[in-house]
1. Can you tell me which of 12-20, 72-80 comes out highest on packing, and rank the rest after it, using the mean Cβ neighbours within 10 Å?
2. Give me the distance in nm between label points sitting 7 Å out from Cα along the Cα-to-Cβ direction at THR84 and ASP20, one decimal.
3. Once you place label points 7 Å from the Cα toward the Cβ at ARG71 and LEU7, how far apart are they in nm?
4. Helix 10-23 versus the longest principal axis of the chain: what is the Cα-based angle in degrees, 0 to 90, to the nearest 10?
5. What is the gain in length, in nm to one decimal, between GLU28 and VAL53 on full extension, counting 0.36 nm per residue of separation less the C-alpha to C-alpha distance?
6. Let me see the pair-distance distribution of segment 1-44: every alpha carbon pair, 10 Å bin width, integer percents in order.
7. If you fit an axis through the alpha-carbon atoms of helix 33-45 and take the longest principal axis of the Cα set of the chain, what angle between them do you get, 0 to 90°, nearest 10?
8. Just from its helices, what would the mean residue ellipticity at 222 nm be for the chain, if runs of 4 or more DSSP H residues each count -39500 (n - 2.57) and the sum is divided by every residue, rounded to the nearest 500 deg cm²/dmol?
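No lab work stands behind these numbers, since they all come straight from the coordinates. What you are looking at is a predicted structure, and each value in this text was computed from that prediction instead of being measured. Here the Cβ is made from the backbone with ideal geometry for all residues, glycine too, and neighbour counts use every protein chain on show.
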Amino acid sequence: MEKPIFLKNYMEDVVLSYLDEVLSKYPEICQCEICKHDIVAIALNNLPPKYVVREEGELYSKVDTLDNQYRIDVISALTKAVMTVKDHPRH
């Protein structure tokens with residue numbers, strides 16, 4: 001029996017890993033689940049996807065280590081998303 005293969009947008013993990021750091025700089029921003037998901041979705045829509053293939057949890061395509069510019073791009077996208085949700089919350 002073949003092992004199932006899964007596609008994963010690695011960028012989701014990266015954005016989620018920086019979310020709390022960015023939100024900590026904006027304590028006035030609502031941090032309910034709806035707002036957090038909106039922030040992540042907006043940021044992801046403004047970043048290039050980085051898909052990897054996994055087979056039963058094993059990573060077959062590794063994404064290059066994030067360089068400084070990459071980190072800045074992710075934090076910038078999250079910050080812009082925070083401002084968008086602040087101005088137009090859905091809850």
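1. On the way: 12-20: 15.8, 72-80: 17.6.
Most protected by this proxy first, the peptides run 72-80, 12-20.
2. Between THR84 and ASP20, the label points sit 2.4 nm apart.
3. Inter-label distance under the simple model: 3.0 nm.
4. Orientation of helix 10-23: about 30 degrees from the principal axis.
5. Details: separation 25, 0.36 × 25 = 9.00 nm, distance 3.81 nm.
Full extension of this stretch gives 5.2 nm more.
6. Final binned percentages: 24, 45, 17, 10, 4, 0.
7. 60 degrees
8. Working: 3 runs with 47 residues, N = 91.
Calculated mean residue ellipticity at 222 nm is -17000 deg cm²/dmol.
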